[in-house]
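The values are calculated or read from the model by the stated rules, or taken from the named source; none is laboratory data. Every value quoted in this text rests on a predicted model; they were computed, and no experiment measured them. Cβ coordinates were reconstructed from backbone atoms using ideal geometry, including for glycine residues, and neighbour counts include every protein chain displayed.
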Amino acid sequence: MHIPDGYLSPSTCAVFGGVMLPIWARAAQKVRQTLKARQVPLLAMGAAFAFTIMMYNVPVIGGSSAHAVGGGLLAVILGPWAAVIAISTALAIQALLFGDGGILSFAVNSFNMAVTIPFVAYWIYRAVAGDSELTSPRRWIGGAIGGYIGINAAALFAGIELGLQPLLFHTAGGIPLYNPYPLRVSVPAMTLAHLLMAGPVEALVTGLVIYYLQRRDPSLLKIYPVQGPGPAAREAAAATVSRKLWWGLAVLMALSPLGLLASGTAFGEWDQSELQSRLGFIPQGIAKWGDLWKHKLFPDYSLPGFDQTFWQNAAVYIACAVVALAVLLGLTYLFRRVQLATQEKNKHVRGT
């Protein structure tokens with residue numbers, strides 16, 4: 001679902017950039033209103049979770065692969081607006097440091113994964129869970145259903161975005177300039193992979209984690225309630241997250257090399273050499289924009305000259321997750337410092 005540069009026209013990317021700018025601005029505003037300074041590390045944990053879970057590729061019939069995103073789970077725990085920030089941050093790190101997803105297509109990928117999944121999943125979760133008790137089965141069932149439908153909605157959008165390219169942008173002779181596969185190919189390819197494989201994984205992860213939280217500490221489901229305790233209680237609940245879930249995240253990162261076992265590149269994420277072998281040519285737009293960003297630290301989660309055995313690859317894969325977490329913690333520290341400074345300034349203004 002990470003659309004690389006060159007698969008979408010610059011004008012398509014610009015349209016989605018215009019769509020996402022006000023969404024990001026609104027998300028930042030909502031996060032400042034709902035998350036207190038002590039809760040800010042939750043964003044880092046959420047972004048790290050999304051980054052890591054996306055490293056777990058699962059094989060898809062036909063030799064391709066797909067992955068979960070975790071957007072529904074983050075929306076349930078942190079709220080959909082905080083999920084927008086967390087997943088967008090994870091996607092930015094993936095694009096800049098690892099070449100997973102494009103720079104031009106960043107807004108498109110964010111719309112699909114950081115907006116569509118959290119909001120669709122959260123609306124369905126609320127519809128199913130209603131005002132039930134935190135320990136009610138309706139909570140984990142609603143989360144699982146929401147996660148499944150959310151990721152499939154995002155896959156449908158991605159399939160449409162890719163499939164419209166050869167219809168809208170082609171040479172006088174009809175040769176596609178960007179993604180070469182039309183709607184009749186791109187939509188089934190994207191949706192079937194997620195209906196059959198990535199969707200069930202997303203549902204399983206979302207449902208199991210909510211079920212676990214219900215049994216171990218239901219207060220973690222109070223951080224973003226529709227009806228529930230006030231800000232002080234939500235902040236106290238959030239303070240327990242880092243103490244109880246960091247080990248879970250560490251285990252998830254340590255096991256991330258399991259994602260290397262899935263062979264095959266995800267649909268619409270092929271590099272130019274693979275496209276050449278599939279099509280016999282490289283569309284002009286992909287040839288022009290495909291290598292736009294050349295400053296990747298770990299291209300495709302690998303280290304050039306260090307990708308020999310599975311265990312070497314696994315070590316680099318884990319290192320990628322650790323580097324991403326370090327970057328996220330650094331960003332969180334800066335954000336928290338700014339937020340604390342702003343709060344102190346506001347107190348001073350009110351005091352005078």
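Does V323 meet the test of being modelled with pLDDT of 90 or more and under 21 Å from the mean Cα position of the chain (by Cα)? Step through it out loud before you land on a result.
On the way: modelled with pLDDT of 90 or more: yes; under 21 Å from the mean Cα position of the chain (by Cα): yes.
Taking the combined requirement at face value, the residue satisfies it.
Just to be sure before I move on: is S88 polar (S, T, N, Q) and more than 22 Å from L328 (Cβ to Cβ) in the structure I sent?
Working: polar (S, T, N, Q): yes; more than 22 Å from L328 (Cβ to Cβ): no.
So S88 does not fit the description; no.
Filter the range 292-304 down to the residues that are touching an Asp or Glu at 6+ places or on another chain (Cβ under 8 Å) and among the charged types (D, E, K, R) and list them by number.
D300
Yes or no: the range 259-282 includes at least one residue that is part of a loop (DSSP other than H, G, I, E, B), more than 23 Å from A90 (Cβ to Cβ) and hydrophobic (A, V, I, L, M, F, W, C).
yes
Results for (1) in contact with a Lys or Arg (Cβ under 8 Å, 6 or more places away or on another chain); (2) among the aliphatic types (A, V, I, L, M); (3) surrounded by fewer than 22 Cβ atoms within 10 Å (Cβ to Cβ), shown as yes or no for each residue.
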{"site": "G70", "(1), (2), (3)": "no, no, no"}
{"site": "L78", "(1), (2), (3)": "no, yes, no"}
{"site": "A82", "(1), (2), (3)": "yes, yes, no"}
{"site": "I87", "(1), (2), (3)": "no, yes, no"}
{"site": "L96", "(1), (2), (3)": "yes, yes, yes"}
{"site": "D100", "(1), (2), (3)": "no, no, no"}
{"site": "A107", "(1), (2), (3)": "no, yes, no"}
{"site": "Y122", "(1), (2), (3)": "no, no, no"}
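If you scan the range 165-190, which residues turn out to be free of Cβ contacts under 8 Å to residues at least 60 places away in the same chain, crowded, with 18+ Cβ neighbours inside 10 Å and within 23 Å of the chain's Cα centre (by Cα)?
Listed by number, the list holds a single entry, V187.
Regarding A92, is this residue without any contact (Cβ under 8 Å) to a residue 40 or more places away in the chain and crowded, with 21+ Cβ neighbours inside 10 Å?
Criteria not met by A92.
Taking G142, is it at pLDDT 95 or above, farther than 30 Å from Y178 by Cα and more than 15 Å from the chain's Cα centre (by Cα)? I'd like the intermediate steps shown before the answer.
Numbers: at pLDDT 95 or above: yes; farther than 30 Å from Y178 by Cα: yes; more than 15 Å from the chain's Cα centre (by Cα): yes.
Criteria met by G142.
Check off (1) surrounded by fewer than 13 Cβ atoms within 10 Å (Cβ to Cβ); (2) under 25 Å from P41 (Cβ atoms) for G305 and give me the number that stays unchecked.
G305 satisfies every listed condition except (2).
Checking the structure you have, find out if any residue of the range 323-338 is in contact (Cβ under 8 Å) with a residue 24 or more places away in the chain and over 22 Å from L43 (Cα atoms).
No: zero hits.
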